[in-house]
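**Q** Would you mind keeping the following structure in view while I ask a few things?
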Amino acid sequence: MAIRDKLSGNEAVAVAMRQINPDVVAAFPITPSTEVPQYFSSFVSNGLVDTEFVAVESEHSAMSACIGAQAAGARTMTATSANGMALMWEMLYIAASCRLPIVMSLVTRALSGPINIHNDHSDAMGARDSGWIQLFGESNQEAYDNVIMAVRIGEHKDVQLPVMNCYDGFITSHAVENIELLEDEKVKAFVGEYKPQHYLLNKDEAIAIGPLDIPSYYFEHKRSQAQGMRNAKKVILEVAEEFEKLTGRKYGLFEEYKMDDAERAIVVLGSTAGTAKFVVDQLRAQGEKVGLVKIRVFRPFPAEELAEALSHCKAIAVMDKSDGFNGKGAPVFNEVRSALYDVENKPAIINYIYGLGGRDVRSTDIEKVYSDLAQIVQTGKAEDPYRYLGVVDANDIDVAAEAAATRE
Amino acid sequence: MSNMVEIRWHGRGGQGAKTASLLLAEAAFDTGKYVQGFPEYGPERMGAPITAYNRVSDEKITIHSNIYEPDYVVVVDETLVDVVDVTAGLKKEGAILINTSKSPEEIRKKLKGYQGKVYTIDAREISMATLGRYFPNTPMLGAVVKVSGLMEEDTFLKSMEKSFHHKFASKPHVIEPNMQAVKRAWTEVKSA
């Protein structure tokens, strides 16, 4: 019997961490992720977990401590946001290349500058090729479920990679909503005991983790790391299947919402998918053939599966909550577009950069996207695929006044 | 989702609008509803205008934007009526509830021709009389639950009592005064 509760996303993730009872948590506070280690440290103080909580002096040290602990053989977790993760950068790659299944909740936030504490995906997208598995949750429920599944995914012998549990800062992390929690013992049974094959504190096997790798071996190690990421897709689906048996909640590489006969589709990550579902329902009620694909697993990227799911559409809008700064489209767009390269009768595809630095995403914004797609279907033309949604035009003379009006 | 009720709170930092929105979410949750309670985070500081939101529905809520066309607006600080467009997007079938000693007729003059119902409650007087200090959020919470008809008085009061016992576990002497504030607000809210 599931436990009906109402929690913020951060509280839900902290509760999941309490139920998992990791061996080590090392963290440094940064908005909007601070509550995760804050709640968790109270569980430590109150004796609800027997985790070693390491209060470090920076995020670089937080990830370094996680790497040391996980390499020693401890199940290790942390949480951070934006510039906090930016300071971990060097260590993110080392965690992945050492094949250490650390689980980190990334409460997504705009990366400075300008300084901004609000939500977008520029932090997560910047780390997309650091070798971490990346899961994106839409709601507090998904943030909770994903952090539990992340443990099993990362620790699987065919994967052995760190996992990022990404969910939207403030929108998901701080809003209180309904949630169904699992009983403590069910979570404990699901994640099981951590039994690493190789670890530093094993007296029977003297090994080194992360030493100098000369040209004769480095390439092979990177190839093996890449294979772990490839293997992850299958493991993610297996873990999801087991999780569904436990909870009734179904997870895949992505979620297809009313896609069966959809002619127009939006591809999106995170909380905006919820707002888009609300709009899809309204448009469907008016007989419009619209659908939604919410990417849950961004790393490894489910290219073939997405191509299959989107191939029957006439026009697609890929929504990016970060800009790419390559002058030619943002990360999710470029990857989805590339995934469609081998599809016959390619759908028209456009990109919207949206919601940067916490700009609220209204249902009317999503309506505009579907209406733009309708025009593309009608005219057969998708001019200027690299677009912005909800931004005040910088060429407008009244930019300051309009920006002020938007803030109202 | 025609049964979804959306509420927007206007307050000033330190007056507890955020807490009130979370308490309302909790109370509605206790009646079996789906809820959302969230503030709009900004440069938070004492006295600055802040906004918080509630959604309450019989069905799962997926929308995650702020609220632009609320059914109800709660103004925790009367002075905000002059500086914030408090009735922006407010449905005319809905209502606005304002913390003021003025009558609903009098305060309506400041509401830019808003056609819907206007309710007032003197949360300052109630708060000072029951709590001895100015915490307007508790009376405002009692008043808005009555005005919106979200739940029956008994159900609401039971939920509040439970919340206060939890929230004020370390200072139980303030539980009863807070209950008094909620009950008085329930009976004293005025409409026009």
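**Q** Can residue B:117 be described as basic (Lys, Arg), farther than 24 Å from residue B:37 by Cβ and more than 13 Å from chain A (Cβ to nearest Cβ)?
**A** Taking the combined requirement at face value, the residue does not satisfy it.
**Q** Let me ask something else. Quick one: in region A:147-198, of everything that is free of Cβ contacts under 8 Å to residues at least 60 places away in the same chain, assigned to a helix (DSSP H, G or I) and of a type outside the set (D, E, K, R), which residue is nearest to the other protein chains (Cβ to nearest Cβ)?
**A** A:150
**Q** Does residue A:306 meet the test of being more than 30 Å from residue A:192 (Cβ to Cβ), in a strand (DSSP E or B) and without any contact (Cβ under 8 Å) to a residue 60 or more places away in the chain?
**A** So residue A:306 fails the test.
**Q** Condition first: more than 14 Å from chain B (Cβ to nearest Cβ) and assigned to a helix (DSSP H, G or I). Can you find one or more residues in region A:312-330 that meet it?
**A** no
**Q** Further question on the same structure: Go over the candidates B:51, B:100, B:87, B:62 one by one and state the one that is of a type in the set (S, T, N, Q), farther than 21 Å from residue A:10 by Cα, within 14 Å of chain A (Cβ to nearest Cβ) and free of Cβ contacts under 8 Å to residues at least 60 places away in the same chain.
**A** B:87
**Q** Quick one: in region B:125-146, of everything that is open to solvent by less than 10 Å² (accessible area, probe 1.4 Å) and of a type in the set (A, V, I, L, M, F, W, C), which residue is farthest from residue B:102 (Cα to Cα)?
**A** The qualifying residue farthest from residue B:102 (Cα to Cα) is B:145.
**Q** Right, next: Assuming residue B:139 fulfils every condition listed in (1) under 13 Å from the mean Cα position of the chain (by Cα); (2) without any contact (Cβ under 8 Å) to a residue 24 or more places away in the chain apart from one, which condition is it?
**A** Status for residue B:139: all satisfied but (2).
Results for (1) over 27 Å from the mean Cα position of the chain (by Cα); (2) within 14 Å of chain B (Cβ to nearest Cβ); (3) modelled with pLDDT under 95; (4) under 27 Å from residue A:73 (Cβ atoms), shown as yes or no for each residue.
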site	(1), (2), (3), (4)
A:212	yes, no, no, yes
A:217	yes, no, no, yes
A:235	no, no, no, yes
A:238	no, no, no, yes
A:259	no, no, no, no
A:280	no, yes, no, no
A:296	no, no, no, no
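**Q** Ok, one more. Being open to solvent by 50 Å² or more (accessible area, probe 1.4 Å) and either β-branched (Val, Ile, Thr) or under 30 Å from residue A:272 (Cβ atoms) (or both) narrows it down to one residue among A:207, A:179; which is it?
**A** Sole residue among the options that is open to solvent by 50 Å² or more (accessible area, probe 1.4 Å) and either β-branched (Val, Ile, Thr) or under 30 Å from residue A:272 (Cβ atoms) (or both): A:207.
**Q** Going by the conditions given, is residue B:101 polar (S, T, N, Q), open to solvent by 40 Å² or more (accessible area, probe 1.4 Å) and modelled with pLDDT of 95 or more?
**A** For residue B:101, the condition - polar (S, T, N, Q), open to solvent by 40 Å² or more (accessible area, probe 1.4 Å) and modelled with pLDDT of 95 or more - is met.
**Q** List, please: which pairs have Cβ atoms under 7 Å, are six or more places apart or on different chains, and start with a residue in region A:338-367 that is over 18 Å from residue A:264 (Cα atoms) and within 14 Å of chain B (Cβ to nearest Cβ) and end with one that is buried (at least 21 other Cβ atoms within 10 Å of the Cβ) and β-branched (Val, Ile, Thr)?
**A** Listed pairs, sorted by first residue: A:354/A:361; A:355/A:272; A:355/A:361; A:361/A:272; A:361/A:275.
**Q** Across region B:69-85, which residue is farthest from the chain's Cα centre (by Cα) among those that are among the β-branched types (Val, Ile, Thr) and not in a loop (DSSP other than H, G, I, E, B)?
**A** B:83
**Q** In this structure, is residue B:159 crowded, with 20+ Cβ neighbours inside 10 Å, in contact with a helix residue (DSSP H, G or I) (Cβ under 8 Å, 6 or more places away or on another chain) and farther than 18 Å from residue B:77 by Cα?
**A** Answer is yes for this residue.
**Q** Residues A:278, A:254, A:301: which one is in contact with a Pro (Cβ under 8 Å, 6 or more places away or on another chain), open to solvent by less than 60 Å² (accessible area, probe 1.4 Å) and aromatic (Phe, Trp, Tyr)?
**A** A:254
**Q** Only helices (runs of 4 or more DSSP H) wholly contained in region A:33-142 count here; list those with 1 or more residues that are within 14 Å of chain B (Cβ to nearest Cβ), surrounded by fewer than 24 Cβ atoms within 10 Å (Cβ to Cβ) and acidic (Asp, Glu).
**A** Output list reads A:35-45.
**Q** Of the residues that sit in region B:65-84 and are within 14 Å of chain A (Cβ to nearest Cβ), within 27 Å of residue A:279 (Cβ to Cβ) and in contact (Cβ under 8 Å) with a residue 24 or more places away in the chain, which one is surrounded by the fewest Cβ atoms within 10 Å (Cβ to Cβ)?
**A** Out of the qualifying residues, it is B:69.
**Q** Please go through region A:335-350 and give me each residue that is closer than 20 Å to residue A:381 by Cα and open to solvent by less than 50 Å² (accessible area, probe 1.4 Å), ordered by number.
**A** Passing the criteria: A:336, A:340, A:343, A:347, A:348, A:349, A:350.
**Q** Now for a separate question. If you take the residues in region B:30-43 that are facing another protein chain (nearest Cβ under 10 Å), out of contact with any Phe, Trp or Tyr (no Cβ under 6 Å at 6 or more places or on another chain) and in a loop (DSSP other than H, G, I, E, B), which one is nearest to residue A:177 (Cα to Cα)?
**A** B:33
**Q** Look at residue B:88 and say whether it is surrounded by fewer than 17 Cβ atoms within 10 Å (Cβ to Cβ), at pLDDT 95 or above, out of contact with any Asp or Glu (no Cβ under 7 Å at 6 or more places or on another chain) and not in a strand (DSSP E or B).
**A** yes
**Q** Taking residue B:27 as the residue in question, decide whether it is of a type in the set (A, V, I, L, M), away from every other protein chain (no Cβ under 11 Å) and surrounded by 15 or more Cβ atoms within 10 Å (Cβ to Cβ).
**A** no
**Q** Within region A:1-19, which residues are at pLDDT 95 or above and open to solvent by 10 Å² or more (accessible area, probe 1.4 Å)?
**A** Answer for region A:1-19, where residues must be at pLDDT 95 or above and open to solvent by 10 Å² or more (accessible area, probe 1.4 Å): A:3, A:4, A:5, A:6, A:7, A:11, A:15, A:18.
The values are calculated or read from the model by the stated rules, or taken from the named source; none is laboratory data. Note that the coordinates shown come from a computational prediction; the quantities given were computed from them, not determined experimentally. All Cβ positions, glycine included, derive from the backbone under ideal geometry; neighbour counts span all protein chains shown. Each accessible area value is taken on the protein alone, full model and side chains, heavy atoms only, with ligands, DNA and RNA left out. Shrake-Rupley method; radii C 1.70, N 1.55, O 1.52, S 1.80 Å.
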